[in-house]
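The next block holds one structure in the form of structure tokens; read it before the comments.
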Amino acid sequence: MNGFTYHNPVRVLFGAGTLAETGTEARKLGKRALVVSYGDGSVAGALAKIRALLAEVGVVAQEFLGVTPNPSIEMVARGVAVAKAFGADLVIGVGGGSAMDAAKAIAAGYLYTHGDLWNMVYASHSNVTAQPPEAALPLLLVPTLPATGSEMNMCAVVSSTVWRRKSYIWADCLFAKTAVLDPELTYTLPPFQTACGAIDAISHVLEIFVNGQEKSDLLHEFQLGVVKTIMKNLPLVLANPTDADARAELMWAATCGLNGWASPGDAWTPMHQIGHVLTSRHGINHGSSLGIVMPAWMAYFRRLRPAPYERFEREIMSIADFKAFIARCGVPTTLGEKGVTEADIPGIVADVKTVSFNAAGVLASYPPVTEEMLAEILRGAL
């Protein structure tokens, strides 16, 4: 097992009914809160409750709504302007990964001193010019979709409409002060959103399992345990959206998948790098992009690094059955389902190379991926 340094300062309130603590927790962090969210029906109930809870404790709130999937840095800049005009001293993110990532980026952008906000973003792995933020307003995050683990990690994924790229901000100041995880907030999620979020959560752990350390008994048991938990409980919540126990298991598993517990030390996320390009180039939502990439990646790499894939097949299911599981949950598993053809593959490869290939000219994984290998993986996903 390799050595590592681990740090996670997020205070977590977990369980049914914990949303009621939001006002009290917010008051510990500030008096003027910018509330960042979508503003549509999926979070309307949660927002109404949070408004009342903030008012009860004397926290003045300004809402910044209309966050879209894959939040753009241009939208983040608008949020920063609203926060400054309001005089915010706290940012609250309510929603799924996009809303929480937007809240994080706005909180950091508020105090950013290195020019254009896109400078915060690691926009190219081979030519790192990012100047990550060093400070941010206090963050309180309230996830309503188990998926990204953003509520308990130091990453925010953003896009640029100018550069047509999607990448990430990575900085200690992006850790929330507090995360409120109330599974009851997920009961009204549409089935497709639930499924896409769960597939995203599986991918976080699965690609660390297949691309991470070879010798780490505890890590591998934990990683597979998270995957098994999600795969057991996803069908249960799709069949019964108000299954309290299954919703709770799904929510906590998604958080644990990307809060650092499953990935201390070296770990690569090449499937996500490909998925980000499928999103920025073809508009495929994040969970769907991973439902497409994961089975194709696994089928290709099983012969090159067989040990983790064989263990996955022994303890969980075959790669073919895994692909069928994703499809049964209502998530696409082929590029063709999203209108992507073989003629599109060179452009996808070029964009992945631009954003995610390292200085050695490969996509980091075990083993590293060349342009030719990436094209073959994508052809396998057609």
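Throughout, read-outs are computed from the coordinates displayed, never taken from laboratory work. Since the model is a prediction, treat every value here as computed from it, not as a measurement. Here the Cβ positions follow ideal geometry from the backbone for every residue, glycine too, while neighbour counts run over all protein chains shown.
How large is the convex hull of the Cα atoms of region 111-224 per residue, expressed in Å³ as a whole number?
It comes to 158 Å³ per residue, whole-number rounded.
Ordered by residue, what ³J(HN,Hα) values in Hz, to whole numbers, does region 18-26 give under the Karplus form 6.51 cos²θ - 1.76 cosθ + 1.60, where θ = phi - 60° and Gly and Pro are x?
5, 3, 4, 8, 4, x, 4, 5, 5
In what sequence do S356, S216, S150, S365 fall when counting other Cβ within 10 Å, fewest first?
By the 10 Å Cβ count, ascending, the order reads S216, S365, S356, S150.
Order of 102-115, 135-148, 324-337 by packing, highest average Cβ count within 10 Å first?
With the highest mean Cβ count within 10 Å placed first, the list reads 135-148, 102-115, 324-337.
Quick one: net charge of R311's neighbours, Cβ under 12 Å, K/R +1, D/E -1?
Neighbourhood net charge equals -3.
What does the charge add up to near G87, with Lys and Arg as +1, Asp and Glu as -1, over the other residues with Cβ less than 10 Å from its Cβ?
+2
Could you list which residues have their amide H under 5 Å from that of L90, counting only those 5 or more apart in sequence or on another chain, with H placed in the peptide plane?
Close amide H contacts, sequence-distant or interchain: R32, L34.
Which ordering of D321, D217 is given by a fewest-first count of other beta-carbon atoms within 10 Å?
With the fewest neighbours first, D321, D217 line up as D217, D321.
What are the residues whose amide H is under 5 Å from the amide H of V158, where those residues sit 5 or more places off or on another chain and H is modelled from the backbone?
Long-range HN contacts for V158: S167, Y168, I169.
Modelled label-to-label distance, T370 and R311, 7 Å Cα→beta-carbon offset: nm?
Distance between the two pseudo-spin positions: 2.9 nm.
Give the peptides 241-254, 14-27 in descending order of average Cβ contacts within 10 Å, highest first.
For the peptides 241-254, 14-27, the packing ranking is 241-254, 14-27.
Where Lys and Arg each count +1 and Asp and Glu each count -1, what net charge lies around K177 among other residues with Cβ under 9 Å from its Cβ?
+1
Hey, with R₀ at 30 Å, roughly what FRET efficiency would L304 and S216 work out to, going by the Cβ-Cβ distance, to 0.05?
The computed FRET efficiency comes out at 0.90.
Quick one: among R314, R78, R51, which has the greatest mean-square fluctuation in a GNM of the chain with alpha-carbon springs under 10 angstrom?
Result for the chain, Cα springs under 10 Å: R314 fluctuates most.
Relative contact order for the chain using alpha-carbon pairs under 8 Å, separation at least 6, rounded to a whole percent?
After rounding, I find 16 percent.
With angles folded into 0 to 90 degrees, how steeply does helix 306-315 sit against the dominant principal axis of the chain? Use alpha carbons for both and round to 10.
70
Per 20 Å bin, what percent of the C-alpha pairs of the chain does each bin hold, from zero upward?
Taking all Cα pairs of the chain, the binned fractions are 30, 60, 10, 0 percent.
Counting other beta carbons within 10 Å of each Cβ, put S37, S167, S42 in order, fewest first.
Lowest to highest Cβ neighbour count: S42, S167, S37.
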